[in-house]
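This report refers to the structure that appears directly beneath it.
The values are calculated or read from the model by the stated rules, or taken from the named source; none is laboratory data. The model shown is predicted, which means the values in this text are computed figures rather than measured ones. Every residue, glycine among them, receives a Cβ derived from its backbone with ideal geometry; neighbour counts consider all protein chains shown. Areas reflect the complete protein model, heavy atoms only, side chains present, ligands, DNA and RNA absent. Shrake-Rupley method; radii C 1.70, N 1.55, O 1.52, S 1.80 Å.
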Amino acid sequence: YYKGSAVLGMIEHWVGHDEFMGAIRGYLAAHAGGNADADEFLASWQETLGAPAAEVMRSFVEQPGVPIVTAQPSCAGGAGKVTLSQKRFFNAGEKESKALWKVPVCLKWSGGQSCTLLDAATKEVALSGCPTWLMANADAAGYYHVRYDAASLAALRPAFASALTVKERMHLEADVSAEVEQGTLPLGAALDLLPAFLGDGDLRVFDRGLELFGLLNPRELDDRQEAAYGRAVRKLLGQRARTVGWTPKPGEDPEMSYVRPSLLMMMARRAHD
């Protein structure tokens, strides 16, 4: 059910709210008081939204898994472009798969935003300028992972708080964590993002920063490394932990009821504070 909801949301973001709702209302009106199946739903969409929207829906609901999209920007003579590619995402390492999706990819970069349909293994898209940073899931509306390398994450850091929405910042952590757990992104490249996440004023983003800490298993550290890890925890979390304190304060963000236990546990268990 979550996947179905997420795919519908992705298509709504791609085609536009009014067009999407018109197609849904038309389908419900056509079958009011009766029954309908998936083929009738997709046929209705093909008529109202066009064949690409129906093909997107079919490609996600009729095959298992989720795609991971790579976006490689380049620039020559002031003209920018990005090469998109897709493959099936696997939790542990890379595996061969012939699965392909029709993926509405919405790009956000230093010069603007645009959407395209990635309907092949690779596709080249022109940009209106040369991007200094690029995020390949604008508004975090796409039901896919994005593959970032260390250089693209470093380019994103200066724009993290000023140009990315809360949803985009949260989704970035999910993509990065998935890559680390898959083994396709070095742990250090993910941990370099900690100051940005833990310095964020939104507690939901801050909490994702605490989850980034969880990518590093202290049991794998020797005594010297564990001591350095404790110092890093104190440096990154100490001031905020003392400000938060042990008990709720009048008028504080309700999200703090989730953040406080994790924050204080990290300070006590990992920083020995």
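Only residues that are in contact (Cβ under 8 Å) with a residue 60 or more places away in the chain and either over 22 Å from K3 (Cα atoms) or of a type in the set (K, R) (or both): list them for the range 140-151, please. Matches in the range 140-151: R147 only. One residue stands out among those in the range 253-267 that are in contact (Cβ under 8 Å) with a residue 40 or more places away in the chain and assigned to a helix (DSSP H, G or I): the one that is farthest from G238 (Cα to Cα), which is Y258. Screening the candidates R157, R169 for the property of being among the basic types (K, R), exposed (fewer than 15 other Cβ atoms within 10 Å of the Cβ) and either within 14 Å of V82 (Cα to Cα) or in contact (Cβ under 8 Å) with a residue 12 or more places away in the chain (or both) yields one hit, R157.
Within the range 76-107, the set of residues being touching a Pro at 6+ places or on another chain (Cβ under 8 Å) and open to solvent by less than 10 Å² (accessible area, probe 1.4 Å) comprises G80, V82, W101, V103. The set of residues in the range 119-145 that are within 18 Å of V56 (Cα to Cα) and β-branched (V, I, T) contains only T122. Being hydroxyl-bearing (S, T, Y), open to solvent by 50 Å² or more (accessible area, probe 1.4 Å) and either within 20 Å of G112 (Cα to Cα) or at pLDDT 95 or above (or both) is a description that does not apply to S152. Residues that are free of Cβ contacts under 8 Å to residues at least 12 places away in the same chain and of a type outside the set (D, E, K, R) number at least 2 in the following strands (runs of 3 or more DSSP E) confined to the range 21-124: 67-76. Selection of the range 248-273 for residues being open to solvent by less than 90 Å² (accessible area, probe 1.4 Å) and of a type in the set (S, T, Y) yields S257, S262.
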